[in-house]
């Protein structure tokens, strides 16, 4: 395969999900490393998992690797504080560096604003953080989470037989459990998959199959709920509401993974979602449990409308919202 960029990239990523091999391959590996390898002629990985608990050694090994490889770009997806500012500054002096910041809606002040000045280039998935970056002298590349093209069923008709009417794939948290409980009270059964749920975590391939074989795929927020019923449902929920920094909704990869797999998506509304998917034409949204119930009942009853939206959403995701699209745009901006 002919690559688009005749360059050398060193990717500094975690190989396993949260550096734990028992959890399976990381999104860093599946989405960033694999797609960069399709775009760039020479891509070398530096997996930092084995040294996550030996930070001084990690700095030494990374610097040695960079000197030996001499890349045109060092590509980071920052996690926490694995790499010290002095290490990043040392690298930045001799080699262009890049960092993808995907959680600026809730940790710009505590993390990104402190780390970003130590990279040559940065990208943010939060357009509302652009003025904040500008204020500290940084012009970010605005990007967005995406979906992995490898598992697409583009051109495949919806299944004749579904496994589930309604499902949710994502990690367990108290808010999501409360939301699904509210749907249950209205007679909506939701099949849940992911870390913390009884069914457990599923592989990327199984997740893709669930999206395709479910009539309505829910996408539930991972941010702090402002629904007063949930906030006052327990003392712990009140404390969490007051303490948690995750107060702003954000677009996530799931918004694109569901339609790309050929699934119909019913998601909580996130500001800016309409920039990527047409609401009512390529995705359906809700803003409360009651509205979610109404939407579920409506789309279960109207198969033609549901299929029309899922097919349109899949076409849009396949042509515009893959990691291959995102990374090609980023590299083109850096190397133009």
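Note: the range 161-212, Cα convex hull, 71 Å³ per residue.
Computed from the C-beta positions of residue 281 and residue 42, the FRET efficiency with R₀ = 45 Å rounds to 0.65. At an R0 of 22 angstrom, the distance between the Cβ atoms of residue 177 and residue 294 translates into a FRET efficiency of 0.55. For the pair residue 81 and residue 206, a Förster radius of 45 Å applied to the C-beta separation gives a FRET efficiency near 0.85, rounded to the nearest 0.05. Extents of the chain, taken as max minus min of Cα coordinates on every principal axis and listed largest first, are 60, 51, 39 Å.
Using alpha carbons only, the radius of gyration of the range 1-78 set against its Kirkwood radius gives Rg/Rh = 0.99. Modelled label positions at residue 189 and residue 120, each set 7 Å beyond Cα in the direction of Cβ, lie 5.6 nm from each other. Based on every Cα atom in the range 133-221, Rg and the maximum pairwise Cα distance Dmax equal 17.0, 54 Å.
Our estimate of slack between residue 303 and residue 329, defined as 0.36 nm per intervening residue step minus the Cα-Cα distance, is 5.7 nm. In the frame of its principal axes, the range 56-193 has Cα extents of 59, 34, 31 Å, reported largest first. Taking one quarter of the surface of the C-alpha convex hull of the range 251-336 gives a mean projected area of 5.8 nm². Pairing the Cα long axis of helix 289-301 with the longest principal axis of the chain, what angle in degrees results, from 0 to 90 and rounded to the nearest 10? For 289-301 against the chain, the angle is about 70 degrees. Of the peptides 69-80, 125-136, 201-212, the ranking by mean beta-carbon count within 10 Å, highest at the top, reads 69-80, 201-212, 125-136.
Between 185, 65, 213, find the one with the highest GNM mean-square fluctuation for the chain; connect C-alpha pairs within less than 10 Å. Taking springs between Cα atoms under 10 Å, the residue moving most is 185. Applying 0.36 nm per residue to the separation of residue 142 and residue 199 and subtracting their alpha-carbon distance, the gain on full extension is 16.9 nm. Note on the chain: with a GNM built from Cα contacts shorter than 10 Å, the maximum mean-square fluctuation among 200, 170, 313 falls on 200. Across every pair of non-identical alpha carbons in the range 1-136, the mean reciprocal distance, once inverted, gives a Kirkwood radius of 15.5 Å.
Entry note: the range 100-181 has Rg to Rh equal to 1.16, where both radii use alpha-carbon atoms and Rh is the Kirkwood radius.
Distance between the pseudo-spin-label points of residue 67 and residue 18 (7 Å out from Cα toward the beta carbon): 3.6 nm.
Every read-out reported here was derived from the displayed coordinates using simple, explicitly stated rules and does not represent laboratory data. Since this is a predicted model, take the numbers as computed values, not measurements. Quick reminder, even Gly has a Cβ in these numbers, built from the backbone with ideal geometry, and neighbours come from all protein chains shown.
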